[in-house]
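What follows is a short report on a single structure.
The values are calculated or read from the model by the stated rules, or taken from the named source; none is laboratory data. These numbers come from a predicted model, not from an experiment. Positions of Cβ are backbone-derived with ideal geometry, glycine not excepted, and every protein chain shown enters the neighbour counts. For accessibility, only protein heavy atoms count, side chains too; no ligands or nucleic acids. Shrake-Rupley method; radii C 1.70, N 1.55, O 1.52, S 1.80 Å.
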Amino acid sequence: KIKKEGGGSIAILSQSDHYKLSRRIQIEKRLLLALDHNDLHVMYLPQVDVATGKVIAVEALVRWEDEVLGTVSPDELIPIAEETGLINEIGTFVLEKACEQAAIWQRKEIPVKVSYNSSIREFRDKNMVKTIRKVLEKYNCSPSLLQIEFTEKFAIEAEGEQSIIGQMRKLQQDGVTFTLDDFGTGYASLHYLQLLPIDEMKIDSSFISSITGLEKQKKLVQGLIHLGHSLGVRVVAEGVEHESQYLLLKEFGCDALQGYYISPPISAEEVEKLF
Ligand code: C2E
Ligand code: MG
Ligand code: MG
Ligand code: MG
């Protein structure tokens with residue numbers, strides 16, 4: 001391994017780069033197989049209403065346990081899937097699971113919505129509205145039970161693409177709701193709150209983890225909650241791990257929260273036991 005500080009640097013693959021590259025190639029190959037063999041599955045992260053303490057929604061999160069690679073976390077999997085285009089297939093798989101499960105709970109009279117993390121690449125597909133409507137119909141799932149989450153990266157890229165915003169509006173008219181996820185971690189956040197059809201925003205866990213620290217950090221979260229409310233958007237906090245955080249968020253008027261303090265991601269059966 002040769003490393004030269006400053007000026008012209010010499011690029012030689014270090015051992016760890018080499019490892020990363022070969023793991024990446026492995027992930028691409030095995031992901032194709034996993035999609036073919038139906039090896040992915042979904043876990044659900046409960047979200048509670050702050051005022052009532054009741055579970056009102058769950059977030060569908062993809063899980064992949066590969067026999068060769070071991071656990072591949074979404075943080076590792078999703079960026080690779082986005083680059084290779086396989087995100088569309090992962091997306092369809094998770095969407096189907098989310099709608100199927102939401103409809104099952106609807107029939108059992110368990111009042112819970114299901115949210116689904118989307119990638120901009122899925123919305124670049126001109127048939128996205130059709131696809132989502134078809135999946136909802138297939139499982140007889142009310143559109144109002146489906147929430148679609150997207151990140152600021154998505155928001156920034158969507159700005160110049162009217163067709164994406166148009167597709168979101170159509171789905172919103174059907175009753176589907178949209179959540180701006182990981183709010184505060186990207187750029188130009190405020191602008192997108194008024195540009196895109198957003199029903200809800202999720203304050204990123206990095207703000208929540210420091211909320212019990214300095215007064216300034218408290219004020220920041222309080223400000224974000226006020227901002228959301230003044231724009232008519234529901235505000236959810238993510239990554240709530242301690243009671244002290246929960247109590248502050250309640251005092252600040254946050255609408256809902258999720259995090260290990262409530263529950264880690266769990267199976268559909270475990271979700272039912274919460275009711
Ligand atoms: P996210 O949408 O912000 O999802 C929340 C993540 O935080 C989940 O990690 C969840 O397990 C974790 N989490 C929940 N409560 C806590 C807590 O109290 N403390 C901490 N430290 N973490 C908590 P996960 O499942 O590893 O997902 C990571 C990210 O990967 C997600 O972030 C989402 O952006 C993406 N992702 C997951 N599933 C999918 C999917 O099906 N499709 C797409 N496009 N992205 C997905
Ligand atoms: Mg999310
Ligand atoms: Mg999030
Ligand atoms: Mg997050």
For the chain, any Cys whose C-beta has no other cysteine C-beta under 4.7 angstrom counts as unpaired, and these are Cys254
For segment 92-188, the dipole about the Cα centre with charges only on Cβ (Lys and Arg +1, Asp and Glu -1), to the nearest 20 debye, works out at 440
If unit charges are put on Cβ atoms (+1 for Lys and Arg, -1 for Asp and Glu) and the dipole of the chain is taken about its Cα centre, the option from Gln106, Gln258, Ser230 lying farthest towards the positive end turns out to be Ser230
With +1 at each Lys and Arg Cβ and -1 at each Asp and Glu Cβ, the charge dipole magnitude of the chain around its Cα centre, to the nearest 20 debye, comes out at 360
Residues other than Asp36 with Cβ under 15 Å of its Cβ, Lys/Arg counted +1 and Asp/Glu -1, net out at -3
Distribution output for the chain: share of Cα-Cα pairs per 5 Å bin in percent, first bin at 0, values 1, 5, 12, 15, 16, 16, 14, 10, 6, 3, 1, 1, 0, 0
Phi angles of segment 47-54, converted by Karplus (6.51 cos²θ - 1.76 cosθ + 1.60, θ = phi - 60°) into ³J(HN,Hα) in whole Hz with x for Gly and Pro, give 10, 10, 6, 5, 5, 9, x, 8
Checked against a 18 Å limit on the C-alpha separation, the offending pairs among Lys108/Lys130; Lys130/Lys170; Lys54/Lys97 are Lys108/Lys130; Lys54/Lys97
The longest stretch of the chain containing none of the GluC sites (Glu not before Pro) that sit in a DSSP loop with at most 15 other Cβ atoms within 10 Å is 162-240
Bridge orientation stat for the chain from DSSP, antiparallel percent rounded to 5, came to 40
Here the relative contact order (percent) of the chain, from C-alpha pairs under 8 Å and at least 6 apart, is 17
Once the in-chain neighbours fewer than 8 apart are removed, the lysines whose Cα is under 16 Å from Lys29 read Lys20
For segment 141-219, dividing by residue count, accessible area per residue (probe 1.4 Å) in Å² works out to 43
Per residue, the convex hull enclosing the alpha carbons of segment 172-273 has a volume in Å³ of 116
A student applying the Cα gyration tensor rule (rounded when a/c is under 1.5; otherwise prolate if a/b is larger than b/c, oblate if not) would label segment 215-272 oblate
Gyration tensor on Cα atoms of segment 96-246, a ≥ b ≥ c root eigenvalues, a/c under 1.5 rounded, else prolate if a/b beats b/c, else oblate, says oblate
Given unit charges at Cβ for Lys, Arg (+) and Asp, Glu (-), the dipole magnitude of segment 57-108 about its Cα centre in debye, nearest 20, is 480
